[in-house]
Structure formats: structure tokens, C-alpha cells
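**Student:** Attaching a single structure in C-alpha cells format; questions to follow.
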Amino acid sequence: MESTSSFTTATMSAVGSAVRTIRTHALTQITAYTARAEKAAVDPEASTEAAHRERAAYWACTAREAGATEQDITAAENAAPRVNR
């Protein structure tokens, strides 16, 4: 019984670690795609703003699934550098 308990504990720890890694990556992607969208929004030649916002939304969903709060997601969006319009 001891080894089963150790295996279960190790498995749960690994899963928790993976979820944290996914959440962190997703939040980083939100920041990156939001920054790209902001940059595209001020470029009259760019047609990619909507695509970048869509990718940021995808990563926001992924972050939520990995336990991120709306506050976490908003902070990731706000971490993107703003471009003067």
C-alpha cells in the first residue's frame, strides 16, 4: 500500500506541475499576442490585429482551463507594451 500511495502522490505532484507550466505559458502568450495586436493596430499597413487578438483569446481560454483567474488574464494583457495611437 505504501508504494501505491507514493505513486499517487508523485503523479498528482507531476500533474500539478504540468498545469502550472501550462498556465504560465498561456499567460505569457496572452501578453505576447496582445503586444502584437497593439502594434498592428497603429500600423496602417497591418491587417493582423484581429488575428492577434483571436490568438490572445485562445490562450486566455487555455489559461482559464489551467486555473488562471480573470485577474491573472487581465494582468497578462496589461503587461503588453502599449503603442501610442
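The values are calculated or read from the model by the stated rules, or taken from the named source; none is laboratory data. Here the structure is a predicted model, which means the values were calculated and not measured. Because the Cβ atoms are built from the backbone with ideal geometry, glycine has one as well, and the counts that use them run over all protein chains shown. Ligands, DNA and RNA are stripped out before the accessible areas are found, and what is left, the full protein with its side chains, is counted by its heavy atoms. Shrake-Rupley method; radii C 1.70, N 1.55, O 1.52, S 1.80 Å.
**Student:** How much of the accessible area of the chain, probe 1.4 Å, is carbon plus sulfur, in whole percent?
**Tutor:** For the chain, the apolar C and S fraction of the accessible surface comes to 56 percent.
**Student:** I'd like the distance separating the alpha-carbon centroids of region 34-58 and region 66-82, in whole Å.
**Tutor:** 17 Å
**Student:** Shifting gears a bit: What percent do you get for the relative contact order of region 1-81 when only Cα pairs under 8 Å and 6+ apart count? Walk me through the numbers on the way to the answer.
**Tutor:** Working: 70 pairs, mean separation 30.6, N = 81.
Averaging sequence separation for qualifying contacts and normalising by length gives 38 percent for region 1-81.
**Student:** Which ³J(HN,Hα) values in Hz, rounded to whole numbers, follow from the phi angles of region 52-61 under the Karplus curve 6.51 cos²θ - 1.76 cosθ + 1.60, where θ = phi - 60° and Gly and Pro get x?
**Tutor:** 5, 5, 5, 5, 4, 5, 4, 5, 5, 4
**Student:** Using a simple charge model, +1 on the beta-carbon of Lys and Arg, -1 on the beta-carbon of Asp and Glu, nothing else, what dipole does the chain show about its Cα centre, in debye to the nearest 20? Present the calculation step by step, with values, prior to reporting the outcome.
**Tutor:** Numbers: 9 positive and 10 negative charges, 24 e Å.
The calculated dipole for the chain is roughly 120 debye.
**Student:** Right, another one. Only helical DSSP H runs with n ≥ 4 go in: add -39500 (n - 2.57) per run for the chain, normalise by residue count and round the 222 nm mean residue ellipticity to 500 deg cm²/dmol.
**Tutor:** The helix-only estimate for the chain comes to -27000 deg cm²/dmol at 222 nm.
**Student:** Among 12-24, 68-80, how do they line up from the highest to the lowest mean number of other beta-carbon atoms within 10 Å? Don't skip to the answer; put the middle values down first.
**Tutor:** Details: 12-24: 12.0, 68-80: 15.2.
Result, highest mean Cβ count within 10 Å first: 68-80, 12-24.
**Student:** (i) 13.4; (ii) 14.3; (iii) 14.9: which one is Kirkwood radius over Cα pairs in Å as calculated from this entry?
**Tutor:** Checked against the structure: label (ii).
**Student:** In Å², what does the accessible area per residue of the chain work out to with a 1.4 Å probe? List each step's numbers first, then the result.
**Tutor:** On the way: 5850 Å² over 85 residues.
Per residue, the chain has an accessible area of 69 Å².
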